[in-house]
C-alpha cells in the first residue's frame, strides 16, 4: 500500500477498510472467474499479430494483412515508422514498408503498448483523469525497467517492458467497479459511500490481482504474470527477480514525479534506496534514469 | 583518519566490516547494540555510523531516533538484512545517508562509505548534461593505453549486424572498428577498451540511446559519442535534438563513401592535416578524390585560426608553415596562404614558408603571397622566425 499518510493513520485505515478491500477483491476476482466482469479483451488485430510473432516463419505481409483490419493500429505503425528516429528522407508509403522498417521486435512492443493504452482510456470523467495519470506512470515504469535490464546485463528487458505497462492495469478496472458500487449505494441510501482515502486504499489493495487476471486473459508469458503479481514489495531472498526490477522502476518513476495521485513519495524514496542496494544499481545510472524519464514519457505516451 | 562506528549484534559482521574499513584507512569503533553505541557516542565523536536494524536491547531505528533527538547529526548508513520499506522510510525521515542490504559486496560498502566521508573514489555526481566538449585521445589505433586497455578507433553499437559490416567496408583499413549489438555488450566493451568514437544506433530496441550514451560517456569521457540514424528531412534540427540528448553529432544511414570520408576527416585525419609544434605548422597532404579537394582546403581554413592563436599567445614573432608535404593546388593553396598571412598580420605575426622550388613558384604568382619568404628547410625558417 503506497498511500501517503502517517503510520498510525495507515494502521487505522487498514483496520477499518481492510475487510472492505478484501470483499471488493473477492468480488472482482469472482466476476473475472465467472466472466461477468467485462475484462477488456486483447484487440483482435493485436491478438492475431501476437500469434504471428510467436511463429518464426511468419512473413511481414501476414502482419500487413492483419494490421489492415485495424485502421487505428495501422496509423500507429505508420506514425512510428515515419517518426524522426525511423523516418529518414524516405517516408514509408505502404504498411509493408512501415512494418519492414520497424522490425518485428519493435512491432511487438508497439502492439502491446497500443493494447495496454486502450485499458487506460475511460469515458467516465471520474476515472479518466486517474486512468490517464496511471498510464503515464505505467509507460515510465516500462521504460525504466526495460533500460535497467538492458544496462545491467539482463536478457529479459522485453518482459520487463510489458510488465511495466501492465503493472497498474487493474487500477482503472477496479475503479470502475467501485464507481458502479458507489452509484448503486447512493441510489439506495441517498448518501455517500466511502471517502477518498478509503477509495484509494481499496484500489491500492486490490488492483494487482486484477492486473494478473488481465495478463492471464491475454495469455502473456508466465514471468509477466508473476512479475505483475509480486512487484509491490522487494524479495530480498531472490535478488535477481524481475519483480524486484519492476518494484524499483515503479518507485523510481514516482520519485521522478511521474506518479498517480496520492502517491507516498517518502515510501517511494525508501524503495529506491533499498532497490539500489538490492539490485546493485549505480547511483549514476539512477541519476540518468530519473533525469531523462519525463522527456522520454512525453515522446511515447 | 576518519573514525567510523559499526553497530551490529553479530561479532562476525562487525569483524568483517572493521577489516574492510581499516583497509580504507578508517579508524573503527564497534558497538553490539543501539544502547552501547549511544553510550560510546557520549564520549567519542565519529564521522560515520554503520547501523544494523534488528538488535537486542536497543534496535537500530530506536538508536537513530535517540541520536537525532540528542542533536547529533552524524551521517548514518543503514547496513542491514531488513528490506521492509516502512522501516527504511521511517529511518529516512530521521536522516540516513544511505542503505546497504546484507549480504553486500565489499565494493558497495567502500563506495558508500567513501561517499559519506567525502573521500576520493566515492561515486561522483552525474556529469553535467550540458557538457558537450569532446576531446579525442591521441590516435594510436591498436596500441595499448598506459592502463593496459586496448585502443579502438570506432565502437559501433547497433542491433543490425550489416551496419558494422558496411562501416568496415567503407572505413580505411588503418581505422580499427569493434562492433557490438546490445547495450550490455557496449558497456562491457567500454570497460575493457579505450575508444575514440562510439557510434550508437539512435533507435536501439531495448534501451534509450540517450541513456546508453550517458553511461558510455561516464566510462569513456574522451570519446565522441555519435548518434547513428536514418537521414531525417531536417538534419540541422535532428543534430540539435541529438546534441540536446548528449551526443556529439549524428551520422546518417545508409552510409556513402562521401559521408564516411567526411567522418574520417572529422575524427581521424584532423591531426594529420595540420600538426603544430611550437611555432611550426606542418600541413598534411590530400589523398582523396579530386572532387573532394575543396573540403581539404575548407578543413585547413578552419584548423588554422586556433593554431595561430596558440602561437601568438606563446609570444612567438613568426609562424613557420611547412608545405613540403602539402598538396599544392595552383589556386586554392595561394588563397589559403593569403588568408593565413592576413590573419597573422592582424595578430602581429610574420609568416615564413618551407618548401621547394614549386612552392616558391606558386607564391611568386600572386600579389598577396609573393612577399612571403620561403626556406628550403624548417631549421633555417625557424631560426628566422624566432
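Tabulated results
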| item | result |
| --- | --- |
| Test result for residue B:360, free of Cβ contacts under 8 Å to residues at least 24 places away in the same chain, surrounded by 16 or more Cβ atoms within 10 Å (Cβ to Cβ) and either assigned to a helix (DSSP H, G or I) or outside the structural domain of residue B:172 (by TED's automatic domain parsing) (or both) | yes |
| Segment A:136-157: number of residues that are more than 14 Å from chain B (Cβ to nearest Cβ) and surrounded by fewer than 24 Cβ atoms within 10 Å (Cβ to Cβ) | 1 |
| Condition check for residue A:259: touching a helix residue (DSSP H, G or I) at 6+ places or on another chain (Cβ under 7 Å) and surrounded by 23 or more Cβ atoms within 10 Å (Cβ to Cβ) | no |
| Qualifying positions in segment A:249-288 - under 25 Å from residue B:246 (Cβ atoms) and at the interface with chain B (Cβ under 8 Å from one of its Cβ atoms) | A:276, A:280, A:282, A:283, A:284, A:285, A:287, A:288 |
| Residue in segment B:101-121 that is farthest from the other protein chains (Cβ to nearest Cβ), counting only those that are in contact (Cβ under 8 Å) with a residue 40 or more places away in the chain and touching a helix residue (DSSP H, G or I) at 6+ places or on another chain (Cβ under 9 Å) | B:119 |
| Residue in segment B:11-21 that is touching a residue at least 24 places away in the same chain (Cβ under 8 Å) and in a loop (DSSP other than H, G, I, E, B) present | no |
| Residue match in segment B:257-272 (condition: buried (at least 18 other Cβ atoms within 10 Å of the Cβ), under 19 Å from the mean Cα position of the chain (by Cα) and over 26 Å from residue A:101 (Cα atoms)) | yes |
| Residue list for segment A:292-301, filter: more than 7 Å from every other protein chain (Cβ to nearest Cβ) and in contact (Cβ under 8 Å) with a residue 24 or more places away in the chain | A:293, A:294, A:297, A:300, A:301 |
| Condition broken by residue A:204, with the remaining ones in (1) over 23 Å from residue A:108 (Cβ atoms); (2) within 14 Å of chain B (Cβ to nearest Cβ); (3) more than 16 Å from the chain's Cα centre (by Cα); (4) in a helix (DSSP H, G or I) satisfied | (3) |
| Odd one out for residue A:240, checked against (1) assigned to a helix (DSSP H, G or I); (2) within 14 Å of another protein chain (Cβ to nearest Cβ); (3) under 21 Å from residue A:150 (Cα atoms) | (1) |
| Checklist (1) farther than 20 Å from residue A:278 by Cβ; (2) within 12 Å of another protein chain (Cβ to nearest Cβ); (3) at pLDDT below 90; (4) touching a helix residue (DSSP H, G or I) at 6+ places or on another chain (Cβ under 7 Å) applied to residue B:124, failing item | (4) |
| Selection within segment B:216-229 - surrounded by fewer than 21 Cβ atoms within 10 Å (Cβ to Cβ) and in contact with a helix residue (DSSP H, G or I) (Cβ under 7 Å, 6 or more places away or on another chain) | B:218, B:219, B:224 |
| Some residue of segment A:50-58 being surrounded by 15 or more Cβ atoms within 10 Å (Cβ to Cβ), within 12 Å of another protein chain (Cβ to nearest Cβ), modelled with pLDDT under 80 and farther than 30 Å from residue A:262 by Cβ | no |
| Verdict on residue A:64 being under 30 Å from residue A:254 (Cβ atoms) and either surrounded by 13 or more Cβ atoms within 10 Å (Cβ to Cβ) or at pLDDT below 75 (or both) | no |
| Selection count where residues are within 22 Å of residue B:115 (Cα to Cα) and without any contact (Cβ under 8 Å) to a residue 60 or more places away in the chain, scope segment B:26-36 | 4 |
| Residue match in segment A:209-218 (condition: outside any helix (DSSP H, G or I), touching a residue at least 24 places away in the same chain (Cβ under 8 Å) and more than 14 Å from every other protein chain (Cβ to nearest Cβ)) | yes |
| Residue selected from segment B:176-202 under the condition facing another protein chain (nearest Cβ under 10 Å) and more than 15 Å from residue A:284 (Cα to Cα), by the criterion surrounded by the most Cβ atoms within 10 Å (Cβ to Cβ) | B:186 |
| Yes/no for residue B:218 being within 13 Å of chain A (Cβ to nearest Cβ) and within 15 Å of the chain's Cα centre (by Cα) | yes |
| Unique residue being closer than 16 Å to residue B:278 by Cβ and surrounded by 13 or more Cβ atoms within 10 Å (Cβ to Cβ) when the list is B:376, B:312 | B:312 |
| Single residue of B:63, B:58 found to be assigned by TED's automatic domain parsing to the domain that holds residue B:112, part of a helix (DSSP H, G or I) and in contact with a helix residue (DSSP H, G or I) (Cβ under 8 Å, 6 or more places away or on another chain) | B:63 |
| Strands (runs of 3 or more DSSP E) completely within segment B:224-330 that count 2 or more residues being under 20 Å from residue B:369 (Cβ atoms) and touching a strand residue (DSSP E or B) at 6+ places or on another chain (Cβ under 6 Å) | B:280-283, B:318-322 |
| Unique residue being at pLDDT below 85, away from every other protein chain (no Cβ under 14 Å) and in contact with a strand residue (DSSP E or B) (Cβ under 9 Å, 6 or more places away or on another chain) when the list is B:164, B:144, B:132 | B:144 |
| Lone qualifier among B:232, B:205 - being within 7 Å of another protein chain (Cβ to nearest Cβ), within 30 Å of residue A:108 (Cβ to Cβ), in contact (Cβ under 8 Å) with a residue 24 or more places away in the chain and touching a helix residue (DSSP H, G or I) at 6+ places or on another chain (Cβ under 7 Å) | B:205 |
| Boolean, residue B:93 is farther than 20 Å from residue A:239 by Cβ, at pLDDT 90 or above and in contact with a helix residue (DSSP H, G or I) (Cβ under 8 Å, 6 or more places away or on another chain) | yes |
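Residue by residue, here is whether (1) out of contact with any strand residue (DSSP E or B) (no Cβ under 6 Å at 6 or more places or on another chain); (2) more than 14 Å from chain A (Cβ to nearest Cβ); (3) more than 16 Å from residue A:274 (Cα to Cα) holds:
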| residue | (1), (2), (3) |
| --- | --- |
| B:39 | yes, yes, yes |
| B:44 | yes, yes, yes |
| B:49 | no, yes, yes |
| B:56 | yes, yes, yes |
| B:62 | yes, yes, yes |
| B:68 | yes, yes, yes |
| B:81 | yes, no, no |
| B:86 | yes, no, no |
| B:95 | yes, no, no |
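The values are calculated or read from the model by the stated rules, or taken from the named source; none is laboratory data. Note that this is a predicted model, so its numbers are computed, not measured. No Cβ is skipped: glycine too gets one built from the backbone with ideal geometry, and neighbour counts run over all protein chains shown.
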